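Here is the structure we will look at.
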Amino acid sequence: MPAFLNPANAEFWVGVGLLIFLGIVIFVAKAPKAIGAALDAKTAKIQADLDEAARIREEAQRLLAQLKAERAEAEAQAKDMLALAQEEARRYEAEAKAKLEESLARRQELAERKIANAEAQAQAEVKAAAADLAAQAAEVVLTKRLAGVKTDPLIDNAIGQLGSKLQ
């Protein structure tokens, strides 16, 4: 075994110390850079996440404002539609009321005409019945008068006058 590999030899320990020292120097020189790079990467990732969260929040607020505006517009449209529907309903109600009154007036006029026609027809029937009854009564009276007397003095007198008038 060579002398520098012998642990009993001081040169061995100087070599081991030198190697440890160089390892520490290399580790210390590269480790902070690696740790710094890792921390910088982590910081950059966190910052990117924060920027993304801020962007998403701004977009959400913008969408919320847009939705609120659309909701307000929809509510205004609904109010306008409701007012228009109520106005139209009042107009339809007025039209229906006017048509109903007109229809009732026509029906009343028609009923009055029918009543007047029925009254006129009833009066005509009563007059006709009265005329028939009067004719029957006159016939009965004349039949009784003629049955009792063979000749009527008025007719005999009229016949006598007829002869003198014809001459």
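Every number here is computed from the coordinates shown, using simple stated rules; none is lab data. Keep in mind that what you see is a predicted model, and the values were worked out from it rather than measured. Positions of Cβ are backbone-derived with ideal geometry, glycine not excepted, and every protein chain shown enters the neighbour counts.
For the chain, the longest principal axis of the Cα atoms and the long axis of helix 10-148 meet at an angle of about 0 degrees.
Note on K33: lysines with a C-alpha under 20 Å away, same-chain residues under 8 apart excluded, are K42, K45. Computed over the stretch 39-83, the convex hull of the alpha-carbon atoms projects to a mean area of 2.5 nm². The angle between the Cα long axis of helix 153-166 and the longest principal axis of the Cα atoms of the chain comes to about 80 degrees, rounded to the nearest 10.
Its residues counted as N, the stretch 1-116 yields a C-alpha radius of gyration over 2.2 N^0.38 Å of 3.56.
So what's the net charge close to A37: Lys and Arg +1, Asp and Glu -1, counting the other residues with Cβ under 14 Å from its Cβ? Once all neighbours under 14 Å are counted, the net charge is +3.
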